[in-house]
Amino acid sequence: MGLLLKDGLVVDPAQDLEAVCDLLIAGGRISRLAPAGTIPAEGHQVQDCRGLVICPGFIDMHVHLREPGQEYKETIATGGRAAAAGGFTAVACMPNTQPVNDTAAVTRFILEQADRAKQVRVYPVAAVSQGSQGKILAEYGELKAAGAVALSDDGRPVANAQLMRRALEYAHTFGLLVISHAEDLDLAGNGVMHEGLVSVQMGLRGIPAAAETVAVFRDCELARLTGARLHIAHVSTAGAVEVIRWAKVRGAPVTAETAPHYFSLTDEAVRGFNTNAKMNPPLRPAADVAAIKQGLGDGTLDCIATDHAPHSVLEKEVEFDQAANGIIGLETAVGLSLKLVQEGVLTLRQMVASLSTHPARILGVGGGTLQEGQPADITVLDPNRPWTVDVEQFQSKSRNSPFHGWQLPGRAVMTLVAGEIRYRHNT
């Protein structure tokens, strides 16, 4: 007996498809996709999807799962549950664990824990440099053989331009993507929020937008020089969007992502010394938010990724200067992205592409399509089911979200991985 998703609006950018269809799942794969009413229901479990949207499973290409080393904040199991509840069938986890994922042993451990958890697919991103110290390159061949899909020192930039060049060249020989945390540390200094009117009024040390833009330009030029694939993480500034647009026009093999907080919040959210609005890169003014939205709309920014960064109260309920950077995002990303559709910034198809089709292509992993024969990794959305964010109901171990109490227009209501229902919203 298969599972028949019936009468749902199927949105699959990879097939240029947006139509009401039936989708049959059997043996963990998509057995048949056909116009509504053409697949007989007899002998199958039927799920009525009228009014719902059936998408290729969403892939978050930037999360922090904290395991190994900081399991009090998050584990691969709890992060996987949060991902499924948020509509994600797969996540790519950054290497700033303890120890850093710079060896095959750590990569294998992450994959073993993900297999035990049996939640969503987990793709390890390994470190660019040993210990993410920016001094000696890690062993990329061993890391890829162990299961790493990309490389990044996320949380820290690769400050040395020559090392970044060698990293791109070395990664290129193994077909690995390099993900850049683009930040000029000398410009950023000891800043704790965006440098601007709000930082001055609050008396907090600022980080200029140029700290991101300058670093993005350097890495885009190195990608052009080497011909190696580069992905810019968590873009937050208008200047960075413009540089990426410029680099793409000139043929640089560059892709980029932003996160929902960069198109949903401004630096005004920091007022009151709200540590749940402290992140790196920091929240920016309205002009930057507008540029991020434009970059998503015109395709300069390829993906929406959460940069899910769980922290406990030990790191967040402290003085602003001392608080850790980052927020959780797996369980709010889809609702915030649907706001962009509601506002006309993105079409529904563009949203699905930025959360599924493009991440799969950029990471070089499976998924991103509902073609027959493919694994049944599927996200089902109700774009018209308003809900109120309540962090106490989240699956994540941590609660550090600035969106608590927000009203969002829709959500994921079902998440399937290899045909197995990993999450179903019942209310």
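The values are calculated or read from the model by the stated rules, or taken from the named source; none is laboratory data. As the structure is a prediction and not an experimental result, all values here were calculated from the model. For neighbour counting, all protein chains shown are included, and Cβ atoms are generated from backbone atoms with ideal geometry for every residue, glycine included.
The figures follow:
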{"item": "Filter result for C49 (crowded, with 24+ Cβ neighbours inside 10 Å and more than 22 Å from the chain's Cα centre (by Cα))", "result": "yes"}
{"item": "Qualifying positions in region 201-218 - farther than 21 Å from T266 by Cα and assigned to a loop (DSSP other than H, G, I, E, B)", "result": "none"}
{"item": "Any hit, region 131-138, residues being surrounded by fewer than 21 Cβ atoms within 10 Å (Cβ to Cβ), modelled with pLDDT of 95 or more and touching a Phe, Trp or Tyr at 6+ places or on another chain (Cβ under 7 Å)", "result": "yes"}
{"item": "Only listed residue being assigned to a loop (DSSP other than H, G, I, E, B) and assigned by TED's automatic domain parsing to the domain that holds L296, chosen from G239, G251", "result": "G251"}
{"item": "Counted residues, region 219-236 - those being part of a helix (DSSP H, G or I) and in contact with an Asp or Glu (Cβ under 8 Å, 6 or more places away or on another chain)", "result": "1"}
{"item": "Filter result for L348 (in contact with an Asp or Glu (Cβ under 8 Å, 6 or more places away or on another chain) and at negative phi)", "result": "yes"}
{"item": "Qualifying residues in region 52-87 (those that are over 15 Å from the mean Cα position of the chain (by Cα) and among the acidic types (D, E)) - the one nearest to T107 (Cα to Cα)", "result": "E67"}
{"item": "Members of region 256-288 found to be in a helix (DSSP H, G or I), in contact with a helix residue (DSSP H, G or I) (Cβ under 6 Å, 6 or more places away or on another chain) and closer than 27 Å to A150 by Cα, listed by number", "result": "P260, Y262, F263"}
{"item": "In region 8-37, residue farthest from the chain's Cα centre (by Cα) [restricted to those that are acidic (D, E) and crowded, with 20+ Cβ neighbours inside 10 Å]", "result": "D22"}
{"item": "Candidates V100, V91, V46, V106 - the one that is modelled with pLDDT of 95 or more and not assigned by TED's automatic domain parsing to the domain that holds A138", "result": "V46"}
{"item": "Lone qualifier among T369, T427, T347, T388 - being surrounded by fewer than 24 Cβ atoms within 10 Å (Cβ to Cβ) and modelled with pLDDT under 95", "result": "T427"}
{"item": "In region 160-182, residue nearest to A233 (Cα to Cα) [restricted to those that are surrounded by 22 or more Cβ atoms within 10 Å (Cβ to Cβ) and in contact with a helix residue (DSSP H, G or I) (Cβ under 7 Å, 6 or more places away or on another chain)]", "result": "S180"}
{"item": "Hey, L346 touching a helix residue (DSSP H, G or I) at 6+ places or on another chain (Cβ under 6 Å) and part of a loop (DSSP other than H, G, I, E, B) or not", "result": "yes"}
{"item": "Qualifying positions in region 95-124 - aliphatic (A, V, I, L, M) and within 18 Å of V178 (Cβ to Cβ)", "result": "V100"}
{"item": "Region 258-288, residues that are small (G, A, S), touching a residue at least 12 places away in the same chain (Cβ under 8 Å) and more than 19 Å from V216 (Cα to Cα)", "result": "S264, A269, A277, A286"}
{"item": "Residue pairs meeting the criteria (Cβ under 7 Å; at least 6 apart or on separate chains; first on the phi < 0 side of the Ramachandran plot and part of a loop (DSSP other than H, G, I, E, B), in region 289-315; second acidic (D, E) and at pLDDT 95 or above)", "result": "L301/E257; D302/E257; A305/D60; A305/E257; T306/D60; P310/E74"}
